[in-house]
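Step one of this worksheet: look at the structure below.
The values are calculated or read from the model by the stated rules, or taken from the named source; none is laboratory data. Predicted model only: the values in this text are computed from it and were never measured. Note that we place each Cβ from the backbone using ideal geometry, even for glycine, and neighbour counts take in every protein chain shown.
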């Protein structure tokens, strides 16, 4: 039998978090074979990402890691290796794609220079960007990371990661921020690297459907332990462990029966729309050498949203859906056209990364209290309103004293919802609010949004790249492509009887587990 590319032997790890040492991995045994794609799945907090950091030799030293066992990559034990040895392994053997590309991309450097550090050549950089699905690749070399959408930044990160043809590529939730078509392209790219160059891949994901698309084997983690490992087809179709079965049951799919949908809140038709968008355009200028090119992010959008209605907006990364939402929120100025909002509450936005929208040095109570400042309420009334807002999103009163960094991703997203809805908005704008959450957390947050919508009669614009989520959350679905709405209709009709070829392509790219689960 061939020598494994990476070996994890009886590996245990504890870290100090918030002043308390806790066990995060317990007696993990794992081998990654040459040319193998191994999918590692589990909910947030299961330990899969910290196992990836162990394989990359990137354990957070500020958390004072204490380890037992061995983690070997390319013949080097990363737990005992010196700095130079670690650097050589990362350079010659390892590649990495992280969930948040902004943690790896330098915000002060243009994209071309960053990719060029790996390729040494603009032509090769353009070819790599084209390979990972970046439109107008030559133009993108001149922009900075903040000028790209989240999906485009992830594609840039993927291009950098594969530039040196690594022996082992660790991909930690690489598809989380991507739409289904780009997700499919990235998964195809990982498969091509394996097939063409013999590269092994560790694909970490909370979506069993994604892992099932390309993994040879699946390993399931729960509370720091490997609870199941086997051939991918066996794990997803005949799981042995109860936890694996619960992961499969929590997936949102396009084929789930209607009685599994959340209770519809229902729109409240009115003579005038709650949101009226008229011939909206937003163009950006991108410099390429001495020339400036105009790129239309939003290109003539018209849309009416009735009071109490929820419209889900779907489309590929770069299609303009997030730019459209930011214009409605007043965070971007349109080049032309107009947005009219009815009601007095004003728009409120829930972002994809709740952590980045919460001031890290303020307590949750202070963050929520800021929303009430214009009302000039007494301290006791503000305190009561904050506790009530937390209760409305199923958080206990003691969360008010915590800071954002002390909360889980799901808790931070609930705080974002509490802040957005504690004064009822004229329209709630949700920009991929569940894309970074595992399936069970995502389902609870989506149910919470529906509950809040029904309770206070909110109008909702919900941007997502997940068509299963769009079907659940939208009364109607608007499909965006290249800055335009190319299809608009009732959610069930768009999903089951799409008119446009582009919509059909999006639906075809959704990862589904064929065959179901054997009881």
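Select from segment 416-430 the residues that are under 19 Å from the mean Cα position of the chain (by Cα) and modelled with pLDDT of 90 or more and write down the one among them that is surrounded by the most Cβ atoms within 10 Å (Cβ to Cβ). It comes out as 430.
Would a scan of segment 201-219 turn up a residue that is more than 23 Å from the chain's Cα centre (by Cα) and buried (at least 19 other Cβ atoms within 10 Å of the Cβ)? Scanning segment 201-219 turns up at least one residue that is more than 23 Å from the chain's Cα centre (by Cα) and buried (at least 19 other Cβ atoms within 10 Å of the Cβ). Has segment 320-343 got at least one residue that is assigned by TED's automatic domain parsing to the domain that holds residue 489, out of contact with any strand residue (DSSP E or B) (no Cβ under 9 Å at 6 or more places or on another chain) and either in a helix (DSSP H, G or I) or within 20 Å of residue 429 (Cβ to Cβ) (or both)? No, there is no match, as no residue in segment 320-343 is assigned by TED's automatic domain parsing to the domain that holds residue 489, out of contact with any strand residue (DSSP E or B) (no Cβ under 9 Å at 6 or more places or on another chain) and either in a helix (DSSP H, G or I) or within 20 Å of residue 429 (Cβ to Cβ) (or both). Of all the numbered requirements in (1) surrounded by 21 or more Cβ atoms within 10 Å (Cβ to Cβ); (2) at pLDDT 90 or above; (3) in a helix (DSSP H, G or I), residue 492 misses one, and that requirement is (1). Within the group 452, 441, which residue is more than 15 Å from the chain's Cα centre (by Cα), modelled with pLDDT under 85 and closer than 14 Å to residue 413 by Cβ? Result of the check over 452, 441: 452. For segment 147-155, the count of residues that are assigned to a loop (DSSP other than H, G, I, E, B), touching a helix residue (DSSP H, G or I) at 6+ places or on another chain (Cβ under 8 Å) and either within 21 Å of residue 193 (Cβ to Cβ) or at pLDDT below 90 (or both) is nonzero.
Being surrounded by fewer than 20 Cβ atoms within 10 Å (Cβ to Cβ), assigned by TED's automatic domain parsing to the domain that holds residue 362 and not in a helix (DSSP H, G or I): is that true of residue 394 here? The answer is yes for residue 394.
Of the residues 63, 80, 54, the single one that is in the same structural domain as residue 33 (by TED's automatic domain parsing) and crowded, with 17+ Cβ neighbours inside 10 Å is 54.
Per-residue answers, yes or no, for (1) more than 26 Å from residue 296 (Cβ to Cβ); (2) assigned by TED's automatic domain parsing to the domain that holds residue 464; (3) surrounded by 20 or more Cβ atoms within 10 Å (Cβ to Cβ):
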| site | (1), (2), (3) |
| --- | --- |
| 98 | yes, no, yes |
| 111 | no, no, yes |
| 116 | yes, no, no |
| 131 | no, no, no |
| 135 | no, no, no |
| 140 | no, no, yes |
| 154 | no, no, yes |
| 159 | no, no, yes |
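Set side by side, the residues 164, 106 differ, and just one is at pLDDT 85 or above, touching a helix residue (DSSP H, G or I) at 6+ places or on another chain (Cβ under 7 Å) and closer than 19 Å to residue 58 by Cβ, which is 106.
Taking every residue in segment 499-510 that is more than 14 Å from residue 465 (Cβ to Cβ) and pairing it with any residue that is in a loop (DSSP other than H, G, I, E, B), at least 6 positions away or on another chain, the pairs with Cβ-Cβ distances below 8 Å are 504/498. Here 238, 231, 310 are screened, and the one residue that is closer than 29 Å to residue 440 by Cα, modelled with pLDDT of 90 or more and within 22 Å of the chain's Cα centre (by Cα) is 310. Being in a loop (DSSP other than H, G, I, E, B) and assigned by TED's automatic domain parsing to the domain that holds residue 308 holds for only one residue in 454, 436, 447, 442, and it is 436. Taken over segment 233-246, the criterion of being buried (at least 21 other Cβ atoms within 10 Å of the Cβ) and closer than 23 Å to residue 191 by Cβ is satisfied by 235, 236. Exactly one residue out of 127, 191, 142 is assigned to a helix (DSSP H, G or I), modelled with pLDDT of 85 or more and more than 23 Å from the chain's Cα centre (by Cα), and it is 127. Counting only strands (runs of 3 or more DSSP E) that sit completely within segment 13-101, those holding 1 or more residues that are without any contact (Cβ under 8 Å) to a residue 40 or more places away in the chain correspond to 20-32.
Scanning segment 344-377 for residues that are assigned to a loop (DSSP other than H, G, I, E, B) and at pLDDT 90 or above returns 361, 362, 363. Residues in segment 359-374 that are closer than 20 Å to residue 349 by Cα and out of contact with any helix residue (DSSP H, G or I) (no Cβ under 7 Å at 6 or more places or on another chain): 362, 366, 370, 373, 374. If you check residue 463 against the conditions, is it at negative phi, buried (at least 22 other Cβ atoms within 10 Å of the Cβ) and in contact (Cβ under 8 Å) with a residue 60 or more places away in the chain? So residue 463 fits the description; yes.
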